[in-house]
Amino acid sequence: MSATFLPFCKPAIEQADIDAVVAVLRSGWITTGQCNADLEAAICDLTGAGHAVAMCSATAAMHVYLHALGIGPGDEVITPSLTWVSMVNLIALCGATPVFVDVDRDTLMVEAGTIERAITPRTRLIVPVHFAGAPLDLDPIRALARQRGIPLLEDAAHALGSYYKGRPVGDRGDAVFSLQAIKNITSAEGGVFVTDNEDLAARLRRLKFHGLGVDAFDRSQQGRSPQAEVVEPGFKYNLPDMCAALALSQLPRLQQINQRRGDIARFYSAAFRDVAGISPLGLPAWDHVHSWHLFVIRLDEQSPLTRDQFIAAMKAKNIGCGIHFRAIHQQRYYRQMPANSHLALANTEWNAARICSLPLFPDMSRGDAERVVAAAVNILGGK
Ligand SMILES: Cc1ncc(COP(=O)(O)O)c(C=O)c1O
């Protein structure tokens, strides 16, 4: 066993990133300020979005968005169950009902036809998830949402730098990116909402800071003038500049970071091609650029070990793995909801029991990746 622990993920922090954060700490202004404005402009440049609003997490951005749409009791929101709990918890907290839909067995993403079958007169929002860095098949989903007049929010937490049919994810409509610590670039915690709707962007900007017409930076620029007043009750979800500076410093390296992640992913794919028991996720059939946020395998029917046994065996070899994700409709709070007591989502459940995310981060060496493959093959009974 190797003495060094290989984590499942490690942020790619360079000296320039540290210097950028230190510069903010020394500047006398550490909360929301110029770095936020610069980060928002850089995200617009990268994605082609008309407007970007940075917040303290993608979850915060989703909360503000649900609030802006006025989603509440009696409303339904369509979402996959095989995702992180953020959006679903927020739907529940708003008093609305999450309507879980199944995903494709191999891409783990929802399809327009599945969404369509879940639409009812109470559907107020559709939230599909770009999974692991692969983009959704957006054209049919956008067409469906448009035809039925239902807002669409792309959960693009994993998809900064991903492309769908030659266009960056986030280039139009409404989407949310995450900058949380394990994401391809990070602000430690953080998220960015992007939209082509100027009024919506202005509203979310206001709602993320107490519902004031201005934020803390504007107030400071105005000499902390006391005239800012609550236009509508809002939240305290702004992103400190210490955090924005970190993501801003990393952003010019995003393409290089994603390329490196892709190289490791391709190495894994080739190495596991003929390994019985391991089936990596399938790649989307549509034209895309993958940002390789995660490399997900399934311990399939040929595996002598369950997923949990496999993860424990990898840990015993000093290798960390992740699970993205446990199915939400099978978690205690949600499985106790009457609407979910008989819910069966075959592909979600098959994958939820079998998925495992292998170590994937840009500073991994080729030797680290070889070690992961050798350990997995050995655990599954190969040489
Ligand atoms: C699919 C998905 N959506 C939303 C989020 C929430 O992002 P954040 O942690 O920035 O709130 C995550 C976080 O990992 C995620 O994986």
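Nothing in this text is a laboratory measurement; each read-out follows from the coordinates by a stated rule. Just so it is clear, the structure is predicted and the values come from calculations on it, not from any experiment. Ideal geometry is used to build each Cβ from the backbone, glycine not excepted, and the neighbour counts take in all protein chains shown.
Under 26 Å of direct C-alpha separation, and excluding same-chain neighbours fewer than eight residues apart, Lys183 reaches these lysines: Lys10, Lys165, Lys208, Lys236, Lys315, Lys317.
Restrict the search to region 279-383; then list the chymotrypsin sites (Phe, Trp or Tyr not before Pro) that DSSP places in a loop and that have at most 15 other Cβ atoms within 10 Å of their Cβ. Don't jump to the answer; show the numbers that get you there.
On the way: sites: Trp286, Trp292, Phe295, Phe310, Phe325, Tyr333, Tyr334, Trp350; in loops: Trp286, Trp292, Phe325.
Loop-located and lightly packed - Trp286.
A full extension of the chain between Glu232 and Gln336 corresponds to an added length of 33.9 nm, given 0.36 nm per residue minus the alpha carbon distance. Helix 58-69 and the longest principal axis of the C-alpha atoms of the chain enclose an angle of approximately 50°. DSSP assigns beta bridges within the chain; of those with both partners inside it, close to 65 percent run antiparallel. Computed from backbone phi, the HN-Hα couplings of region 308-324 come to 5, 5, 4, 4, 5, 5, 5, 4, 5, 9, 6, 10, x, 10, x, 10, 10 Hz, rounded to whole numbers (Karplus: 6.51 cos²θ - 1.76 cosθ + 1.60, θ = phi - 60°; Gly and Pro given as x). Compared with the dominant principal axis of the Cα atoms in the chain, helix 254-272 is inclined by about 20°. Amide H to amide H distances under 5 Å link Gly190 with Ala58, Leu179, Gln180, where only residues 5 or more positions off or on other chains count and H is placed in the peptide plane. Each label was represented as a point 7 Å from its Cα along the Cα-to-Cβ direction; for Ile13 and Ala37 these points are 2.8 nm apart. Multiplying the residue separation of Arg105 and Ala118 by 0.36 nm and subtracting their alpha-carbon distance yields 2.9 nm.
At most 16 other C-beta atoms within 10 Å and a DSSP loop state: those are the exposed GluC sites (Glu not before Pro) I care about. Give me the longest piece of the chain that has none. Of all site-free stretches, the longest is 15-228. For a test of the definition: using alpha carbon positions, the gyration tensor, and the 1.5 limit on a/c, classify the chain as rounded, prolate or oblate. Oblate is the answer for the chain, as a/c is 1.5 or above yet b/c matches or exceeds a/b. Any chance you could give the angle, 0 to 90 degrees and rounded to 10, that helix 138-148 forms with the longest Cα principal axis of the chain? Taking Cα atoms only, the helix is inclined about 50 degrees. Take the alpha carbon atoms of region 1-38, find their center, do the same for region 355-375, and report the distance between the two centers in whole angstrom. When both Cα centres are located, 23 Å separates them.
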